[in-house]
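Notes for the one structure printed next.
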Amino acid sequence: MTDSPGTQVPNVYAGILGAGSEEFHRRDQELAHALLTAVPSASLVAHHTRAFVLSAAEACVRQHGMTQILDLGAGRPTARNVHDVAHAADPAVNICYVDHSRAAVAALAEQGPTDSDGTVSYLVADISDPDTVLRSPAVRETIDLTRPAAVLLGAVIPYITNADVPDMLKRYTDALAPGSILVLSHGTYDFDRPKVRRMQEVYESFGIPSHMRGENELRALMDHAGVTVLPPGIVATNQWRPEGTVEADASEACMYGLWGRTG
Ligand SMILES: C[S@@+](CC[C@H](N)C(=O)[O-])C[C@H]1O[C@@H](n2cnc3c(N)ncnc32)[C@H](O)[C@@H]1O
């Protein structure tokens, strides 16, 4: 599989989060620059959603006892990563990182853990094809689908514009054991539509379409997938905490975060 235009997403995202490297290509730099010029606070959006996904991943292990994590659309490594927070809670957690960007997966593998008890695997794949992902050796060697698993979908669903997303999600949740936890963050117009439109327009000008969803659409998506949303519900990523919500300006986040249980 060759890198798609979406490959730019992890580079830009990691670059905004301060994890840019010598591999941070010119085009990605141009996109990050255009994004921060159009929306100077875009860095906060990235910080909040990254903090959300790491906090939820850690809580999946600490609070829900998950011992296996499937990270779909994992992105490039940042200062802290899913394996860092998961293994701090339980070094035996197995993790499978999946992204369609070869560069992102290679960077993750380079920075992956070397001394954990858990197995970490890496897969270059398009997550809009659940059968290929779920049947891959990388998933099969790390994720036992007969036992509950945490599935992370951090800031990736909006970029899946060429597949039936409700059907795709349902195919993942149908394959999971009851009691699995789905973690999802998703861009929305609900908090600051003009800002999100400006960000989308920059991505579109670089050939990367995206689709935002409102709270009701996300609730319908979870219902269709058979996922019961857990407290604190569908809230802005900067308000979400595993134990409840905190007060924060949702327009700084412009994304929803949620977690829910299957089965
Ligand atoms: C904004 S990053 C989010 C990274 C990480 N999940 C997080 O929440 O911090 C989105 C990632 O999704 C990946 N992606 C987009 N569409 C994808 C697809 N169809 N299959 C696999 N990965 C995809 C991109 O390559 C990128 O790494």
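The distance separating the Cα centre of segment 161-220 from that of segment 115-135 comes to 20 Å.
When its C-alpha radius of gyration is set against 2.2 N^0.38 Å (N residues), the chain gives a value of 0.92. Computing FRET efficiency as 1/(1 + (r/R0)^6) for H224 and A79, where r is the C-beta to C-beta distance and R0 is 30 Å, gives about 0.30.
Say the dipole of the chain comes from +1 at the beta carbon of Lys and Arg and -1 at that of Asp and Glu; which of M212, Y97, A32 then lies farthest toward its positive end? The one lying farthest along the dipole's positive direction is M212. Computed over the alpha-carbon atoms, segment 31-72 gives an Rg to Rh ratio of 1.22, Rh here being the Kirkwood radius from the mean inverse distance.
Grab the beta carbon distance between L36 and D131, set R0 = 35 Å, and tell me the FRET efficiency rounded to 0.05. Efficiency, rounded to the nearest 0.05: 0.35.
Stretched out straight at 0.36 nm per residue, the stretch from D164 to A248 would grow longer than its current Cα-Cα span by 26.9 nm. Only DSSP H runs of four or more residues enter the estimate; each adds -39500 (n - 2.57), and after division by the residues of the chain the mean residue ellipticity at 222 nm equals -12500 deg cm²/dmol. Pairwise alpha-carbon distances in segment 35-99 exceed 18 Å for 39% of all pairs. The base-10 log of I(q)/I(0) for segment 138-263, evaluated at q = 0.11, 0.15, 0.20 Å⁻¹, reads -0.40, -0.73, -1.16 [Debye formula, identical scatterers on Cα atoms, solvent excluded]. In the full protein context, the chain carries 42 Å² of accessible surface per residue, based on a 1.4 Å probe and ignoring ligands, DNA and RNA.
Note on segment 183-233: Kirkwood hydrodynamic radius from all Cα pairs is 12.4 Å, rounded to one decimal. Shown for the chain: the carbon plus sulfur share of the solvent-accessible area, taken with all protein chains present and a 1.4 angstrom probe, equals 49%.
Here, segment 70-121 yields an orientationally averaged convex hull projection of 3.1 nm² when only Cα atoms define the hull. Overall size of segment 111-178 from C-alpha positions, given as principal axis extents largest first: 39, 28, 19 Å.
The values are calculated or read from the model by the stated rules, or taken from the named source; none is laboratory data. No experiment lies behind these values; they were computed from the predicted model shown. All Cβ positions, glycine included, derive from the backbone under ideal geometry; neighbour counts span all protein chains shown. For accessibility, only protein heavy atoms count, side chains too; no ligands or nucleic acids. Shrake-Rupley method; radii C 1.70, N 1.55, O 1.52, S 1.80 Å.
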